[in-house]
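Here the structure is laid out as structure tokens; the discussion comes afterwards.
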Amino acid sequence: MVQGLGRMVAIAVEIPVVKTGTMWSRKVAEKVNSGEAVAVAITLFPVKKELAFPLLTQMKCLAPDFKCFHINGKAEFRNPFRHHLHRYWNMAEEWLLQIASQNPGKEIILLCWEKVEKDSDELWCHRQFVAEFIEQKWGIVVDEV
């Protein structure tokens, strides 16, 4: 909804296909290098390593802030990081929709460095919480590549 001329106006926006993955993934490299997807880092620090594919941009607003960065347990991390996502969601949503509009038909793959296992309390990453958050906000499924 957008406010215009003193009234709220509904604007149809196409929700993009969003996925998550690790920067080490061959599948991510294949999708990005083939033009099927764009790669977006959701890391706090700049990506300095050479990757097998180009990064479109870095979205620090979807990375853990310093308050969350040193929390080790998955259960202990969840609430502070969800608070962070709520705080920065408007910015992140606008950015994701802009990326989608500038890259029509392409998946957006949100990436960080960690390898994960689904439903694991040992091998987990903040991008799993980002995926869950986007799923709840947009009503879509965000799969891991």
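If the range 41-127 were replaced by its equivalent ellipsoid, with semi-axes equal to the square roots of 5 times the Cα gyration tensor eigenvalues, what would those be, largest first, whole Å? Could the numbers behind the result be given before it?
On the way: eigenvalues 106, 55, 31 Å².
They are 23, 17, 12 Å, listed largest first.
What trypsin sites (Lys or Arg not before Pro) in the range 12-87 are in a loop by DSSP, with at most 14 other Cβ atoms within 10 Å of the Cβ? Each step should come with its number before you reach the end.
Values: sites: LYS19, ARG26, LYS27, LYS31, LYS48, LYS49, LYS60, LYS67, LYS74, ARG78, ARG82, ARG87; in loops: LYS48, LYS49.
Answer by residue number: LYS48, LYS49.
A simple rule links phi to the HN-Hα coupling: the Karplus curve 6.51 cos²θ - 1.76 cosθ + 1.60 with θ = phi - 60°, which for the range 42-48 gives 10, 10, 6, 9, x, 7, 10 Hz, with x for Gly and Pro.
By how many nm would the segment from GLN98 to ASP65 lengthen if fully extended, with 0.36 nm per residue of separation less the alpha-carbon distance?
Full-extension gain reported as 9.6 nm.
Taking amide H as placed 1.01 Å from N in the peptide plane, the amide H of THR20 sits under 5 Å from that of LEU110, ASP143, GLU144, VAL145, each at least 5 places away or on another chain. Beta bridges assigned by DSSP with both partners in the chain are antiparallel in approximately 20 percent of cases. Taken about its Cα centre, the chain carries a charge dipole of about 340 debye when Lys and Arg each add +1 at the Cβ and Asp and Glu each add -1 at the Cβ.
Every number here is computed from the coordinates shown, using simple stated rules; none is lab data. Note that the structure is predicted; figures quoted are calculated from it, not measured. Every residue, glycine among them, receives a Cβ derived from its backbone with ideal geometry; neighbour counts consider all protein chains shown.
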